[in-house]
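Trainee: Structure below; questions to follow.
The values are calculated or read from the model by the stated rules, or taken from the named source; none is laboratory data. In this text the structure is predicted, and so the values were computed from the model without any measurement. Positions of Cβ are generated from backbone atoms using ideal geometry, with glycine treated the same way; all protein chains shown enter the neighbour counts.
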């Protein structure tokens, strides 16, 4: 059971962290949190603020973001969902191409948004048709807000282009990397723990998704040969049959894929480096997002590799599927969720939730946390130890984690009137509490650092901006919250480089870190990325392409 700080109620009972789930959240989320010793929120029995994590498949409301408490996490950033719409993503990437050069953003296929770009598409289509000796391109049409492969079709002749809603039309990558003749793509999991400063983690394990029938350009209408979505292929006649080189089903893990590549001498490290670049450049395209506190976002990036071993971005998902269709899903997604919880750093900040709930139930002073646009004060935290009542002031040398979080909220009025609280009798439980709140020695601190990869950060808060709550639809860009995310380490306030299978890919150096603080300096970050790309050896790239070509023919 995960316990943090002072998890004792009014009767000295150790209490678990609390999760809250919206309807339609996959059952595995509940299972993982229960496995970790969490308790599910019960609105009939608990205070409205008595929860630590709220997980839902749809975006949160403005009120949810404005009323967030220091001990709480939401699994979506405001407006992050826009990157999941194919037309929005196409516009963002097109803008970045114009601003920073098409060479840097060449990982996205040529895209037209229909019907808005119909004239431009016709011009490109006609130009190709009139080119002597040039084979006409294949095109793929996708509804902008559908998932799971719904409504997708591939065509070569414009007479076969049909749509009744907003769609994107992209050049179809007709030379995909194949394994035993089967097309595949990668579902890469990416967790953004903060957009300011930008902090991006990629998950080392993931899913390789195969089409269930062999790739064939002569049958463009065969979705089981051209689409890799599990939601489609699991209904195909070949899904459960053994497929040579692939096996049953339509999924591998990244681990198995890496092993396959290494057998044939493919430099998989260079591939992942390219994919990480795609992730960073794509997320830079949607910055800045509205300032919001205590949020995180799990993205699903779909990456296709061509026969030259070049990765292409197909789309980004804000609610990557967490349902379990096979044993591989369970292996990957269960640990993914465990590592996400670990990444969220529920180590000590829950002290605030416990203190508020304990005071409320005991009839003592209730803590009122200030949110954006409110002129409210809260009382100084009071912590019950086994022997005495400790009142933490701004100059206290005890509980640095508590001080760190207090700095992340607004300045409060000094409480001058002291309450007389009787000393609790000394019990085994109170002795344990007292030991938990004693200053740690250097050896204890070092031992805990080895066991726990994350610690609470004392991060400099943003200044609160005033917001009028009387407006019917306030602009998210016009408010800032008084709380601040706790995803940075204490040491130099830098992100933890690795948590479980999550690996930090941004910021990747000191310059990138500084450029992402307060207001993301995209131009400076792009400059740093170009420096890194210029160091790659062309010979290494050519060698990888040669091996990839030979592997495709196996």
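Trainee: Going by what's in this entry, would residue 214 be described as over 27 Å from the mean Cα position of the chain (by Cα), closer than 27 Å to residue 526 by Cα and modelled with pLDDT of 95 or more? Break it down into steps so the answer makes sense when it comes.
Mentor: Numbers: over 27 Å from the mean Cα position of the chain (by Cα): yes; closer than 27 Å to residue 526 by Cα: no; modelled with pLDDT of 95 or more: yes.
For residue 214, the condition - over 27 Å from the mean Cα position of the chain (by Cα), closer than 27 Å to residue 526 by Cα and modelled with pLDDT of 95 or more - is not met.
Trainee: Out of all the residues in the range 99-107, is one or more surrounded by 19 or more Cβ atoms within 10 Å (Cβ to Cβ) and part of a helix (DSSP H, G or I)?
Mentor: Scanning the range 99-107 turns up at least one residue that is surrounded by 19 or more Cβ atoms within 10 Å (Cβ to Cβ) and part of a helix (DSSP H, G or I).
Trainee: Exactly one condition in (1) modelled with pLDDT under 95; (2) over 25 Å from residue 38 (Cα atoms) is false for residue 344; which is it?
Mentor: Residue 344 satisfies every listed condition except (2).
Trainee: Might you let me know whether the range 179-197 holds any residue that is touching a helix residue (DSSP H, G or I) at 6+ places or on another chain (Cβ under 9 Å), buried (at least 19 other Cβ atoms within 10 Å of the Cβ) and either at positive phi or in a loop (DSSP other than H, G, I, E, B) (or both)?
Mentor: Within the range 179-197, one or more residues are touching a helix residue (DSSP H, G or I) at 6+ places or on another chain (Cβ under 9 Å), buried (at least 19 other Cβ atoms within 10 Å of the Cβ) and either at positive phi or in a loop (DSSP other than H, G, I, E, B) (or both).
Trainee: Residue under question is residue 255, and the condition is that it be within 30 Å of the chain's Cα centre (by Cα), surrounded by fewer than 18 Cβ atoms within 10 Å (Cβ to Cβ) and in contact (Cβ under 8 Å) with a residue 24 or more places away in the chain; does it hold?
Mentor: When the stated conditions are applied, residue 255 passes them.
Trainee: Then there is this: So is residue 150 surrounded by fewer than 16 Cβ atoms within 10 Å (Cβ to Cβ) and over 30 Å from residue 289 (Cα atoms) or not?
Mentor: no
Trainee: Does residue 126 satisfy being within 25 Å of the chain's Cα centre (by Cα) and either outside any loop (DSSP other than H, G, I, E, B) or touching a residue at least 40 places away in the same chain (Cβ under 8 Å) (or both)?
Mentor: no
Trainee: Please count how many residues of the range 213-237 are touching a strand residue (DSSP E or B) at 6+ places or on another chain (Cβ under 8 Å), within 30 Å of residue 338 (Cβ to Cβ) and either without any contact (Cβ under 8 Å) to a residue 12 or more places away in the chain or assigned to a loop (DSSP other than H, G, I, E, B) (or both).
Mentor: Here the count works out to 2.
Trainee: Taking only the range 59-78 into account, find how many residues are touching a residue at least 60 places away in the same chain (Cβ under 8 Å), in a loop (DSSP other than H, G, I, E, B) and either under 15 Å from the mean Cα position of the chain (by Cα) or buried (at least 18 other Cβ atoms within 10 Å of the Cβ) (or both).
Mentor: Qualifying residue count for the region: 9.
Trainee: Still on this structure, please answer the following. Looking only at residues that are within 23 Å of the chain's Cα centre (by Cα) and part of a loop (DSSP other than H, G, I, E, B) in the range 42-58, which one is surrounded by the fewest Cβ atoms within 10 Å (Cβ to Cβ)?
Mentor: Selected residue: 58.
Trainee: Ok, one more. Is it the case that the range 153-171 has a residue that's surrounded by 16 or more Cβ atoms within 10 Å (Cβ to Cβ), in contact with a helix residue (DSSP H, G or I) (Cβ under 6 Å, 6 or more places away or on another chain) and in a loop (DSSP other than H, G, I, E, B)?
Mentor: The answer is no; no qualifying residue exists.
Trainee: Take the residues of the range 108-123 that are free of Cβ contacts under 8 Å to residues at least 60 places away in the same chain and assigned to a loop (DSSP other than H, G, I, E, B): which is surrounded by the most Cβ atoms within 10 Å (Cβ to Cβ)?
Mentor: 117
Trainee: With the checklist (1) over 15 Å from the mean Cα position of the chain (by Cα); (2) touching a residue at least 40 places away in the same chain (Cβ under 8 Å) in hand, flag the one item residue 240 doesn't pass.
Mentor: Condition (2) is where residue 240 drops out.
Trainee: OK, next. If residue 133 passes every condition in (1) crowded, with 21+ Cβ neighbours inside 10 Å; (2) at positive phi but one, which one does it miss?
Mentor: (1)
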